[in-house]
1. How many angstrom separate the Cα center of the stretch 65-93 from the Cα center of the stretch 1-64?
2. Measure off, as a whole percent, the carbon and sulfur share of the 1.4 Å-probe accessible area of the stretch 1-78, all protein chains present.
3. Amide H of G129 versus every other amide H placed in the peptide plane: which residues, excluding those fewer than 5 positions away on the same chain, fall under 5 Å?
4. Roughly what would the spin-label model give for L90 and L112, points 7 Å off Cα along C-beta, in nm?
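The values are calculated or read from the model by the stated rules, or taken from the named source; none is laboratory data. Treat the numbers as computed from the prediction; the structure is a model and nothing was measured. Here the Cβ is made from the backbone with ideal geometry for all residues, glycine too, and neighbour counts use every protein chain on show. Accessible surface areas use protein heavy atoms only, side chains included; no ligands, DNA or RNA. Shrake-Rupley method; radii C 1.70, N 1.55, O 1.52, S 1.80 Å.
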Amino acid sequence: MTANGYGCLSRQFPSTPRGARLARRTVVRQLEQWGFGPMSDASCSVALVVAELAANAVCHGRLRGRNFHLRVDYEGPASRFRIEVSDAVLGRVPEQPTLPEDDRESGRGLFLVESLATRWGWESRNPIGKTVWAEVAAALPGATAWSSSA
């Protein structure tokens, strides 16, 4: 992380379930280096968002022979993480999340992302594919909120 509170992780992973797991683990290790312990709220929230977006890229955005790309930016002055997962398929874009029937085993990923993120969305990617992004609020490690007492 830079002295003024910025950090960036950018890496490609195989479009496989193993690649999605590796992406989550890589992010948790990077956040720990930036001062966000693995059990901190920020690390847990970012890890869950990465896991869901990476799983969606693997399940719905996989194109044979293409990796997915993960980028995590920490913007300390803005107290937020921006997570971007890019895949090679534009035809399947995220829809507004809704909770599935109780007996369904899947379909809750974007609902979780929406619950944890302050904002999220997607955009087409040049020359092919799409990027799904989410922003998660998090203060600088070790920062305390200023408060006044009356």
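1. First find each Cα centre; the distance between them is then 9 Å.
2. Here it works out to 49 percent.
3. Excluding prolines and chain starts, which carry no amide H, the hits are L90.
4. Taking the two extended label points, one gets 3.0 nm.
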